[in-house]
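The structure appears right after this line, and notes come after that.
The values are calculated or read from the model by the stated rules, or taken from the named source; none is laboratory data. As the structure is a prediction and not an experimental result, all values here were calculated from the model. FYI the Cβ positions are ideal-geometry reconstructions off the backbone, even for glycines, and counts take in every protein chain you see. Note: accessible area is taken over every heavy atom of the protein model, side chains too, but ligands, DNA and RNA are not part of it. Shrake-Rupley method; radii C 1.70, N 1.55, O 1.52, S 1.80 Å.
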Amino acid sequence: MAAEPRPGTAVSPTPTAARPGPSVPPASPVPAKAAKPAGVPAGPTPASPASPVPPKPSRAASAPLVSATPTAPAASSGASGVSVSGSAFTTELCRDIGRFGALGPAWQALHRRSRTATPFQSHAWLHSWWQSYGTPGRLRIVLVRRAGQLVAAAPLMLVHRPVPVLVPLGGTISDFSDVLLDDGCPDAAASALARALKGAARTAVIDLREVRPGAAAERLYSCWNGPRRQLADSLCLELPAVPMDELLGRLASSRAQRFRAKLRKLDSLGIEERVVPEGEIPVAVARLLELHRRQWQGRGVTPEHLSARFADHLTRAVGAMAGCGDARVTEFLLGGEVVAADLTLMSGQLAGGYLYGADPVLRAKKVDVATMLLRSGARRISGSGRAALSMLRGNEPYKHHWRPDTVHNRRFLLCRPYLEPSMLLLTGRAAARGRAAALVKRLRKA
């Protein structure tokens, strides 16, 4: 679970030959001085992949337009349009929030067909996030269809860090990022998406942060025919999706006894729990955020969790996600009063405790809130078919009490050949930040 002190559309011609690029091992290069790149073009200015220099970008059109370009059957690699596995693909670059909203049903269906997708790739989460955090004119969502059905999607936006970069929607309040690939044609969809992304990115580096192991982005990375790098990213901790008794069985005998005593205390206090019905979600989210504020008052609460835009996002997203089984708010009551609330986000493979709040009265009663939340989560995930109870990002000491498995997220950078200096600049900056963080950690221990 997450813990504290934690709109014209350009159309890309899409040659979709399934041509995996050469195998390039991960590297930690020395940063090079980057040439000053131009911004991502907004008008329909397709550039041939063979052209060494892209056309000068034009300003975005004032009216939102959306169109799609079908690939034409062609023989082999190097053609401007090809058939992958006998099926033509079409691509679309969506830059309009209204169009993004209308994609909801098709996006959600693809999300269900993407086995490794996390809750943070759901349409409800990403569309709501853009409403609260997006910058007008920066939306860049690359879509791939086959026979009219959405089979791949990359939800991105344009930023400058300091060079043009396409990064995933969701920002720092999302624990995982990824692309979506249809499990029915993952390799062909990945190849089509890679070619579409290369056309859409143009003068920007693609920077995919917080990619979970086994994610669809790994297929995209593997078939990228151009410069690429992968770096280490955040550490996450996960438990198996088993009942509480089995989680206790993972512990040393003495520690397991202590946790059983904490569970008995919870039962003796008569703390009850209930899953909030969908119609009560807005009120319950507001209550959770207030409990969260009170819990961390004076102890370094994450400022963003107290912001109006975060509250608006969470209310919208959780309301929609709860309706389709991708989110659950659980409330804990003592004497009929809500004293704690927990938000769990779910997808096909995992469930993760995203945010919780607890009344300080529980601390006064020496209630182990983390144990209470874990028992509730283990009870509900057991038998769900999901594989992991994720504690999401963070390496807090209390998580290690349960002997969780360590999962390392990855960072994938992709670009066209002439943008490799920009990519090296980004990897160099990341390496420098890593060294600085390690130094600070050593100094704190000294």
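Assorted remarks:
- Mean projected area in nm² (Cα convex hull; one quarter of hull surface) for segment 245-368: 9.0 nm²
- Comparing Ser390, Ala341, Pro404 along the charge dipole axis of segment 307-443, the residue lying farthest to the positive side is Pro404, per the Cβ-charge model.
- Largest to smallest accessible area among Arg264, Arg316 [probe 1.4 Å]: Arg264, Arg316
- Protection proxy ranking of 253-263, 156-166 - average other beta-carbon atoms within 10 Å, highest first: 156-166, 253-263
- Of all accessible heavy-atom area on segment 275-334, the percent that carbon and sulfur account for (1.4 Å): 57 percent
- Projecting label points 7 angstrom from Cα along Cα→Cβ for Arg161 and Ala102 puts them 3.1 nm apart.
- Share of carbon and sulfur in the accessible heavy-atom surface of segment 127-194 [1.4 Å probe, %]: 48 percent
- Here segment 188-327 has an Rg and Dmax of 22.0, 63 Å, counting Cα atoms alone.
- Solvent-accessible surface of protein heavy atoms, probed at 1.4 angstrom with all chains present, puts Ile271, Ile206, Ile97 in the order Ile97, Ile271, Ile206, largest first.
- Probe 1.4 Å - accessible area at Glu280, Å² to nearest ten: 70 Å²
- Entry comment: accessible area of segment 248-300 is 59 Å² per residue, from protein heavy atoms only and a probe of 1.4 Å.
- Projected label points at Arg258 and Thr406, each 7 Å from Cα along the beta carbon direction, are separated by 2.1 nanometres.
- Of the peptides 407-414, 239-246, the ranking by mean beta-carbon count within 10 Å, highest at the top, reads 407-414, 239-246.
- Cα-based values for segment 171-242, radius of gyration first and Dmax second, are 13.7, 47 Å.
- Tail beyond 18 Å, pair distance distribution of segment 293-446 (Cα, percent): 72 percent
- Across segment 366-404, the residues whose backbone nitrogen lies under 17 Å from the label position 7 Å along the beta-carbon direction of Ala232 are 393-396.
- Backbone HN-Hα couplings from phi across segment 149-165 [Karplus 6.51/-1.76/1.60, Hz, Gly and Pro as x]: 9, 5, 10, 7, 8, 10, x, 10, 9, 8, 9, 10, 9, x, 8, x, 9
- Rg and Dmax of segment 106-160, Cα atoms only, in Å: 12.0, 36
- Surface per residue (accessible, 1.4 Å probe) for segment 76-234, Å²: 29 Å²
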